[in-house]
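Undergrad: One structure follows; several queries about it will come next.
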Amino acid sequence: MNRFTSTRRRAMALTLAALLPLGAVAQDSYPAHSVELIVPYSAGGGVSNMARAFANEAAKLTGQQWVVINREGGGGVVGMTALANAKPDGYTVAFSPGSPITNSPFINSRMPYQSEQIVPVCQVFENVFAVVVREDSPIKSMQDLLAAARKSPGKLAFGHAGPASIAQIAMAEVERSGKLQFNNIAYRGDGAAMSDLLGGTLDFGALAVSSVAGKNLRVLAVLSDRAHPGLPKIPPVTAFGLTATSPGLNGLYVPAGTPPQVIGTLDTVCRKIVGSSDYARVASGMSQTPAYLNGQAFQARLKSAYEENARLVPGLGLQKN
């Protein structure tokens, strides 16, 4: 075979490879078979639904199945423990908020894994929370709520998803920065808190925007430093002179020791999916906000959230499990 023929064949092979799905270029390329996507929360929740949408898009890109496995328990700790102990080959990946790394250490006396055992690959979306009341509540605006709180410190009761949850920490910062005091009540997830809010047991809730969409609730403010794309007319808490904390930072994670080239492929998958119109449409339907960050930027943001929690959580008086 002469050099010209060999060169032409190589060029044709590269052209054909470019037409194949990402990861299906060669028999031994990654991924060569299905990928297990661990979601450390229950099926049917916002994170799980976003993970399934991500898995569908990832399957199209890579030519392999991405199988969502819900491993709930311990506020995400059970699922992330499974990830930390998995073989670092890229075939076990977690789709999760940063909470099991940034929040869980403050409420668990003994963590079954260290943060160094888990590598953040990329951020996929932000889960933003909001201050909400029933539609028939006498509290018509965030100004009304702040005025009522200042008039009767500690009287207004609000519900949130659980101890050291993103919502509880966000409201702790609202209390600190606004010199306010609320009666905070922890539930096991947004659903339980919403049930009591709709039933009249609570004055307001600090719940995920994705949880309150379409419900008989009025959103007073988003617990963020900017407006939510799905609620452009609702002000962020910073508009009232209050300080915002990190939203839920959701992304992909792999066990430490995963080969750099595999992490690179996963990052490419992430970037393509988050930038796609199909994923944006699905996320919008769930009132979620796609937001891509590469591994380095995602790691820095998780570190900042951890430090934020280290400052705020001790003041909550929580007992460790």
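Undergrad: Quick one: helix 3-19 against the long Cα principal axis of the chain, what's the angle to the nearest 10°, folded into 0 to 90?
TA: 30
Undergrad: Compute the distance in nm between two label points, each set 7 Å from the Cα along the Cα-to-Cβ direction, one at Ile185 and one at Asp278.
TA: For the pair Ile185/Asp278, the computed spacing is 4.4 nm.
Undergrad: Given labels modelled 7 Å from the Cα in the Cβ direction, how far is it in nm from Arg110 to Asp225?
TA: 3.9
Undergrad: What does the highest-first list of 194-200, 130-136 look like by mean Cβ count within 10 Å?
TA: 130-136, 194-200
Undergrad: What is the chain's relative contact order, in percent, from Cα pairs under 8 angstrom and six or more apart in sequence?
TA: Rounded, it is 24 percent for the chain.
Undergrad: Working only with C-alpha atoms, what are the Rg and Dmax values of the chain, expressed in angstrom?
TA: 22.0, 89
Undergrad: Right, here's the next one. Tell me, how many Å apart are the Cα centres for the range 39-82 and for the range 133-192?
TA: If you average the Cα positions of each part, the centres end up 30 Å apart.
Undergrad: Positive end of the dipole of the chain, charges at C-beta (+1 Lys, Arg; -1 Asp, Glu), about the Cα centre: which of Ile101, Leu249, Asn309 has its Cα farthest in that direction?
TA: Leu249
Undergrad: So, one more: Which percentage, to the nearest 5, of the DSSP beta bridges contained in the range 98-247 is antiparallel?
TA: 60
Undergrad: Per-residue HN-Hα couplings for the range 76-89, Karplus 6.51 cos²θ - 1.76 cosθ + 1.60 at θ = phi - 60°, whole Hz, x for Gly and Pro?
TA: x, 5, 4, x, 6, 5, 4, 5, 4, 9, 7, 5, x, 10
Undergrad: Can you give the angle from 0 to 90° between the axis of helix 190-199 and the longest principal axis of the chain, with both taken from C-alpha atoms, to the nearest 10?
TA: 30
Undergrad: Follow-up question, since we're still on this one. Based on the alpha-carbon gyration tensor of the range 151-252, what equivalent-ellipsoid semi-axes (square roots of 5 times the eigenvalues) come out, in whole Å, largest first?
TA: Equivalent ellipsoid semi-axes, largest first: 18, 18, 14 Å.
Undergrad: Whole Å is fine, so just give me how far the alpha carbon centre of the range 289-306 lies from that of the range 248-271.
TA: 12
Undergrad: Report the label-to-label distance for Ala310 and Ala147 in nanometres (one decimal), using points 7 Å from each Cα along the Cα→Cβ vector.
TA: 4.2
Undergrad: Same structure, new question: How far is helix 46-62 tilted, in degrees, relative to the longest principal axis of the Cα atoms in the chain, given as a value from 0 to 90 rounded to the nearest 10?
TA: 10
Undergrad: Could you go through the range 157-173 in sequence order and give the Karplus-derived ³J(HN,Hα) for each residue, using 6.51 cos²θ - 1.76 cosθ + 1.60 with θ = phi - 60°, rounded to whole Hz, and x for Gly and Pro?
TA: 9, 10, x, 8, 6, x, x, 6, 5, 4, 5, 5, 5, 4, 6, 4, 6
Undergrad: For Ile38, what residues show an amide H to amide H distance below 5 Å, using hydrogens built from the backbone and excluding near sequence neighbours?
TA: Amide H to amide H, under 5 Å and 5 or more residues apart or across chains, Ile38 pairs with Ile69, Val93, Ala94, Phe95.
Undergrad: Next up: Is it possible to state the helix-based mean residue ellipticity at 222 nm for the chain, with each DSSP H run of 4+ residues giving -39500 (n - 2.57), the sum divided by total residues, to the nearest 500 deg cm²/dmol? What is it?
TA: Only helices count here, giving -12000 deg cm²/dmol.
Undergrad: List the aspartates and glutamates whose Cα sits under 17 Å from the Cα of Lys215, skipping any in the same chain fewer than 8 residues away.
TA: Of all the aspartates and glutamates, those that pass the test against Lys215 - Cα under 17 Å, at least 8 places apart if same chain - are Glu135, Asp136, Asp190, Asp196, Asp203.
Undergrad: Under the rule of at least 5 residues apart or a separate chain, name every residue whose amide H is placed under 5 Å from the amide H of Arg218.
TA: Val133, Arg134, Glu135
Here, each number is a calculation from the coordinates, and none is a lab measurement. Computed from a predicted structure; not experimentally measured. Don't worry about glycine lacking a Cβ; one is built from the backbone with ideal geometry, like all the others, and counts go over all protein chains shown.
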